[in-house]
Amino acid sequence: MPIPTHTQHILWVDLKHQAKCSPTFMDNFAVNSPTGEMNATESFIHHAMEIILEDAVKKATDVREKVCEWRSPEQLKELLDLELRDKGESESRVLQYCRDAIKYSVKTTHPRFFNQLYAGMDPYSMVGSFITEAITTSLYTYEVAPVFTLMEDTLLRKMIEMIGWDEGGDGIFNPGGSMSNMYAVNLARYRYCPDIKEVGLFAAKRLVILTSQEGHYSISKGAALLGIGTKNVYIVSSDKRGKMIPSALEEKIKLAKSEGAVPFMVNATAGTTVLGAFDPIEEIADICEKYNLWLHVDACWGGAALMSKKHKHLLKGIHRVNSVAWNLHKMLMVPLQCSAFLVRDKTSLLQHCHSARATYLFQQDKFYDVSYDTGDKSVQCGRKPDAFKFWLMWKALGTTQLEQIVDRAIAMARYLAQEIKKREEFQLVIEPEYSNVCFWYIPPSLRSVPHGPERWKKLHTVAPVVKERMMKKGSMMIGYQAHGDKPNFFRMVVISPQVSREDLNFVLDEIHNLGQDL
């Protein structure tokens, strides 16, 4: 006989009461109710968010604040309580650790941070980052990440369209551009020799990758990681602007073949790390088609130019390539990390190359369309929903405003180059093609020294000293390096829409103030 509803309610209340009064233990833990106090959790998050908004957003983007509070490793160890203890600490102490972490970190969102190929802050993608951290899901199956799976698919399709692959393609988001470049190496190798997945390196001849002397070091790292070997990465000469020379590429292909090796992939670069150069994709594509080589374009830095009608010509011919790496966390300011790997193939090459068919994740008899379970295309298992950050930003700003971010950054870089040419204490290394501005500061003591080895030697020491002084002062942050036979010069990267003309003028004035005694 069924129990009446009101009786069921009484029994349920009584059971709850018993549970509270008589806790059940398992291995010395009460299992009746969860541990932790939700009110305390909410209080901590609320106060932490106040600190984040004040210190990591408001102050960090204020030009009147420092770019960094520089301390040596030894000093910072003294300032930060780094020791991990057996017992947890108070909320007030933990909140202070949050303040300290922000205070002594470099403010990459500051208008005078020009040190890397990323900078600035977009509020929409930052909020997207907060949401993905709070949701804390993994993007291997639709069942565990239904919203983010669809958003990644939508974004990849849009990016494929912008590349110009009219018949579509495939892709996946990865933890950084280096990983995307390594995906290209692995995919190109798999296309050439699919047996290598099961049989290993014994299934292939000596394989050769070709990349320019300006190409990113991740290509060599990928060759090492995948067992190809760094000596089998053949370096192709670049011209004075840093662009790969097509005729030199063909010569290296012929050289590899004459040695009995098998060239199977060419890595071209759209936006080199130092000079911001764009390889001639059309001519390189002609050569790759002639020799049946996989053509990958590392557009991690320069891919943003595809958003611009004015500047997309820099990547002319990109629709002809096999794969593209494109970092949205660079010019487009999505919080690190947000990196896409895109491939023109439509035969599920990504899936075939990387799949392991884990039966506890990728069951084929699920109750929904399993084509949305994209995790088997990745070498990872856990994968963050990074695409959401850019999807939300694109929704908020629209394509037109994203285009303006790119156009403005390049315009500001050209303004800086123009100002450099007006000042006798500065000298451009090369006219900027993108938003990398490379220049020397010539202190008064060197201006009368004739050009030659002695001047180069002394000039080489200037940038490191100025960099040290700006860091310790906290006024700004700009990178420097030597390049080929050229002595150290500043490589300044202009990205953020928060950067003004006054900021660029300040940089030149500040470098002079910091280095005029050298």
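Whenever you get a sec, compute what percent of the accessible area on the stretch 138-389 sits on carbon and sulfur atoms (1.4 Å probe). Don't skip to the answer; put the middle values down first.
Numbers: 5490 of 10510 Å².
The value for the stretch 138-389 is 52 percent carbon and sulfur by accessible area.
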inquiry  = Taking a ≥ b ≥ c as the square roots of the Cα gyration tensor eigenvalues, with a/c under 1.5 meaning rounded and otherwise prolate when a/b beats b/c, else oblate, which class fits the stretch 136-217?
reply    = prolate
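When the gyration tensor of the stretch 138-389 is built from Cα positions, what are the square roots of 5 times its three eigenvalues, in whole Å, from largest to smallest? Before the final figure, lay out each step's value.
Values: eigenvalues 173, 102, 42 Å².
Semi-axis lengths for the stretch 138-389 are 29, 23, 15 Å.
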Rounded to 10°, Cα long-axis angle of helix 246-258 versus longest principal axis of the chain = 80 degrees
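Which number do you get for Rg(Cα) / (2.2 N^0.38 Å) in the stretch 21-94? Present the calculation step by step, with values, prior to reporting the outcome.
On the way: Rg = 19.5 Å, N = 74, 2.2 N^0.38 = 11.3 Å.
Its radius of gyration relative to the 2.2 N^0.38 Å reference: 1.73.
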key: Angle between the chain longest axis and helix 123-135 axis [Cα atoms, degrees, rounded to 10]   = 40 degrees
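Could you give the C-alpha radius of gyration of the stretch 295-434 expressed as a fraction of 2.2 N^0.38 Å, taking N as the number of residues it contains? Could you put the intermediate results ahead of the total?
Numbers: Rg = 19.8 Å, N = 140, 2.2 N^0.38 = 14.4 Å.
Compared with the compact-globule rule of thumb, the stretch 295-434 sits at 1.38.
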query = With +1 on each Lys and Arg Cβ and -1 on each Asp and Glu Cβ, how big is the dipole of the chain about its Cα centre, in debye rounded to the nearest 20?
reply = 1360 debye
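Please tell me which of these pairs span more than 32 angstrom C-alpha to C-alpha: Lys310/Lys458; Lys346/Lys389; Lys197/Lys254; Lys257/Lys384?
Lys310/Lys458; Lys257/Lys384
Can you pull the Kirkwood radius for the stretch 383-423, inverse mean 1/r over Cα pairs, to one decimal in Å? Before the final figure, lay out the partial values.
On the way: mean 1/r = 0.0811 Å⁻¹.
Across the stretch 383-423, the inverse of the average 1/r is 12.3 Å.
Which trypsin sites (Lys or Arg not before Pro) in the stretch 68-147 sit in a loop by DSSP (not H, G, I, E or B) and have at most 11 other Cβ atoms within 10 Å of their own Cβ? Mind dumping the intermediate values first?
Numbers: sites: Arg71, Lys77, Arg85, Lys87, Arg93, Arg99, Lys103, Lys107, Arg112; in loops: Arg71, Arg85, Lys87, Lys107, Arg112.
Here the trypsin sites (Lys or Arg not before Pro) that fit, given the DSSP loop and packing criteria, are Arg85, Lys87.
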request  = For Lys158 and Phe130, compute 0.36 nm times the residue count separating them, minus their Cα-Cα distance, and round to one decimal in nm.
outcome  = 7.7 nm
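Calculate the FRET efficiency for Gln404 and Asp62 from the Cβ-Cβ distance with a Förster distance of 25 Å, rounded to the nearest 0.05.
Numbers: r = 23 Å, r/R0 = 0.92.
About 0.60, to the nearest 0.05.
Semi-axes of the equivalent ellipsoid for the chain, please: Cα gyration tensor eigenvalues, times 5, square-rooted, ordered largest first, whole Å.
Working: eigenvalues 407, 250, 87 Å².
Each semi-axis is √(5λ); the values are 45, 35, 21 Å.
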remark   = Around Met265 (Cβ within 13 Å, Cβ-to-Cβ, excluding Met265; K/R +1, D/E -1) the net charge comes to +2
inquiry  = I'd like the accessible area for His319, computed on protein heavy atoms only with a 1.4 Å probe and all protein chains in place. Round to 10 Å², please.
reply    = 90 Å²
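So what's the net charge close to Asp239: Lys and Arg +1, Asp and Glu -1, counting the other residues with Cβ under 13 Å from its Cβ?
On the way: positive: Lys240, Arg241, Lys243; negative: Glu214, Asp279, Glu283, Glu433.
Neighbour charge sum, excluding Asp239 itself: -1.
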request  = Would you mind calculating the gained length between Thr24 and Glu78 on full extension (0.36 nm times residue separation, minus the Cα-Cα distance), in nm to one decimal?
outcome  = 14.9 nm
note = Relative contact order as a percentage, the stretch 138-389, C-alpha pairs under 8 Å and 6+ apart, gives 27 percent
task = Compute the length gained on full extension between Gln116 and Gln380: take 0.36 nm times their separation in residues and subtract their Cα-Cα distance, giving the result in nm to one decimal.
result = 92.4 nm
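Report the convex hull volume per residue for the stretch 39-79, counting only C-alpha atoms, in Å³. Working shown, then result.
Working: hull volume 3.3 nm³, N = 41.
Convex hull of Cα atoms, per residue: 82 Å³.
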task = Give the accessible surface of the chain per residue, rounded to a whole number of Å², with probe radius 1.4 Å and ligands, DNA and RNA excluded.
result = 50 Å²
Unsatisfied cross-links (Cα-Cα over 26 Å) in the set Lys240/Lys312; Lys107/Lys243; Lys330/Lys467; Lys107/Lys421; Lys252/Lys377 = Lys107/Lys243; Lys107/Lys421; Lys252/Lys377
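Per residue, what volume in Å³ does the convex hull of the Cα atoms of the stretch 412-518 enclose?
Details: hull volume 10.2 nm³, N = 107.
Convex hull of Cα atoms, per residue: 95 Å³.
Would you please name the trypsin sites (Lys or Arg not before Pro) within the stretch 442-501 that are DSSP coil residues with at most 16 other C-beta atoms within 10 Å of their C-beta?
Numbers: sites: Arg447, Arg455, Lys457, Lys458, Lys467, Arg469, Lys472, Lys473, Arg491, Arg501; in loops: Arg447.
Answer by residue number: Arg447.
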ask   = Which order do Trp391, Trp326, Trp456 take when ranked by solvent-accessible area (1.4 Å probe, heavy atoms of all protein chains), largest first?
value = Trp456, Trp391, Trp326
ask   = Where q = 0.15, 0.25 Å⁻¹, what log10 of I(q)/I(0) comes from the Debye formula for the stretch 47-129, counting one point per Cα?
value = -0.65, -1.26
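Say R0 is 35 Å: what FRET efficiency, to the nearest 0.05, do Arg469 and Ser371 get from their beta-carbon distance? All intermediate terms of the calculation are to be shown ahead of the outcome.
On the way: r = 57 Å, r/R0 = 1.62.
So the FRET efficiency works out to roughly 0.05.
Considering every Cα-Cα pair within the stretch 293-340, what fraction, in whole percent, is farther apart than 15 Å? Working shown, then result.
On the way: 500 of 1128 pairs.
Here the long-distance tail beyond 15 Å is 44 percent of all Cα pairs in the stretch 293-340.
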query = How far, in degrees from 0 to 90, does helix 462-473 lean away from the longest principal axis of the Cα atoms of the chain, to the nearest 10?
reply = 30 degrees
query = So how many Å³ per residue does the convex hull of the Cα atoms of the stretch 413-463 work out to?
reply = 78 Å³
note = Percent relative contact order for the stretch 90-185, counting Cα pairs under 8 Å at least six residues apart, stands at 11 percent
message = With n ≥ 4 as the cut-off for DSSP H runs, can you work out [θ] at 222 nm for the chain, using -39500 (n - 2.57) per run divided by the number of residues, rounded to the nearest 500?
response = -13000 deg cm²/dmol
remark   = Rounded to the nearest 10 Å², the 1.4 Å probe accessible area of Thr359 is 110 Å²
message = From Cα pairs below 8 angstrom and at least 6 apart in sequence, can you work out the relative contact order of the chain, rounded to a whole percent?
response = 18 percent
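The values are calculated or read from the model by the stated rules, or taken from the named source; none is laboratory data. Computed from a prediction, not measured in an experiment: that's the story for all the values here. Please note: Cβ atoms are built from the backbone with ideal geometry, for glycine as well, and neighbour counts cover all protein chains shown. What goes into the accessible areas is simple: the full protein's heavy atoms, side chains included, and nothing from ligands, DNA or RNA. Shrake-Rupley method; radii C 1.70, N 1.55, O 1.52, S 1.80 Å.
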